[in-house]
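FYI, it's all coordinate maths here, none of it is from the lab. Here the structure is a predicted model, which means the values were calculated and not measured. Virtual Cβ from ideal backbone geometry, glycine too; neighbours counted across all protein chains shown.
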Amino acid sequence: MALIAFDARKAGVKMPHGSGVYVRRLLDELRRRPPDGHELWVLQDGGRGPEVWWEQAVLPRRLRARRAALVHGPDSFLPLARGCPGVLTVHDLAFLAMREDMPGATGWKYRTLVPRAARSAERVICPSRFTAEDVGRRCGVASERIRVIPEAPALPVGPEQPPEGPYLLSVGDLRPKKNLPLVIDAYRMLRAKGLPHRLIVAGADLGLGARLARRAGGEPLELAGYVSDARLDALMRGADALILASLYEGFGLAVLDAMARGCPTILARAGALPETGGDAAAYFDPASAEELAAAIERVAQDPDERARLAEAGRRRAAGFTWARTAAATVAVYEELLG
């Protein structure tokens, strides 16, 4: 029986980003259906001291002591010297493509170690073809070592009531790559034409909140901050549309979560968003506030278009499940253990 080490430190984070949600949901599924004939060793405590010390010094010793047959780093990091095959999940390379999104020591760690970990890994899992191609190009990883395994809707559906409408919703931390100034500019154009909706932005304020509020110019913009899963579920169920204007996304979990609830999605033609949304979303040029405004107007003011996108979205979201994600991940383990 082979021992598979799974770095689950991000599974317990109270306010997880998309990568933390992935770790949590994948781990739940792996525990529900463990790799046949193998033992899953879940590593949840990184101990004291810097993360990089645990990852590059402590973890390799533990892997050797337990004679692990394989280690999976599901959140972009692996020991570079580990004594066993490594599987690495790389969610995106925004820290290379848009460096202003991740400044300081955290950005240095990602830019320094993730490309090295990707080159050292026996297999690299990416959630989209877009990310797979980016990893190949920016990190120099051969395509035969990369596997594309999509994620799935992650938010539980709960009983909390949505706020009163009508409103539009945008989701994501307030950071440059989310392209929120463009959303506000398009929204102001439509308010000038009589659009009755308010705009809710759900995501942690990383220093842009006051600037966005000023840009709104007194229009009904609600900066909700970080919201719980239950609140985000309710917001998606009640919104007339979810708008994602991101300049760079490696997958876009919020797309599938909204689609699963019948919330129409309006997405930028950028990054992996068209790949995730497929033909079940409306699209716009992320450099054009006018094009976004036209897309919002079509969706928000045409009940037939909203119904069409809602039904198409539900069908598309149903094709993604965490059981499939986990089964494909286990198949990658078996490639290396076989």
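With a ≥ b ≥ c taken as the square roots of the eigenvalues of the C-alpha gyration tensor of the chain, please select rounded if a/c is under 1.5 and otherwise prolate if a/b is larger than b/c or oblate if it is not? Prolate. When peptides 166-175, 241-250, 91-100 are ranked by their average number of other Cβ atoms within 10 Å per residue, the highest-first order is 241-250, 166-175, 91-100.
The Cα atoms of segment 167-318 give a gyration tensor whose axes a ≥ b ≥ c have a/c under 1.5, which makes the shape rounded.
Please give the helix 322-337 orientation as an angle from the longest Cα principal axis of the chain, in degrees from 0 to 90, rounded to the nearest 10. Between helix and principal axis, roughly 30 degrees. Summary value for the chain: 16 percent relative contact order, contacts being C-alpha pairs under 8 angstrom separated by 6+ residues. Centre-to-centre, using Cα atoms only, segment 242-266 and segment 124-195 are separated by 5 Å. Neighbours of Ala202, meaning other residues whose beta-carbon lies under 10 angstrom from its beta-carbon, give a summed charge of -1 when Lys and Arg score +1 and Asp and Glu score -1. Once the Cβ-Cβ distance between Ala65 and Ala318 is put in as r, and R0 is 41 Å, what FRET efficiency do you end up with, to the nearest 0.05? Efficiency computed from Cβ-Cβ geometry: 0.40. Our summary gives segment 83-134 a relative contact order of 56 percent, counting only alpha carbon pairs under 8 angstrom and 6 or more residues apart. Note that segment 247-256 has calculated 3J(HN,Hα) couplings of 7, 7, 9, x, 7, x, 4, 4, 4, 5 Hz, one per residue in order, obtained from phi through the Karplus relation 6.51 cos²θ - 1.76 cosθ + 1.60 (θ = phi - 60°); glycine and proline are x. For Asn179, the residues 5 or more places off, or on other chains, whose built amide H falls under 5 Å of its own are Leu247.
Structural descriptor for segment 167-318: relative contact order 24 percent, calculated from alpha carbon pairs under 8 angstrom and at least 6 residues apart. Angle of helix 129-139 to the longest C-alpha principal axis of the chain, folded into 0 to 90 degrees and rounded to 10: 60°.
Put in line by how crowded their Cβ is, counting other Cβ atoms within 10 Å and starting with the fewest, Ser288, Ser19, Ser228 read Ser228, Ser288, Ser19. Backbone geometry of segment 300-315 corresponds, through the Karplus equation with coefficients 6.51, -1.76 and 1.60 at θ = phi - 60°, to 3J(HN,Hα) couplings of 5, 10, 10, x, 5, 5, 4, 5, 5, 5, 4, 5, 5, x, 4, 5 Hz, x marking Gly and Pro. With the convex hull constructed from alpha-carbon coordinates only, segment 69-209 shows a mean projected area of 11.6 nm² over all directions.
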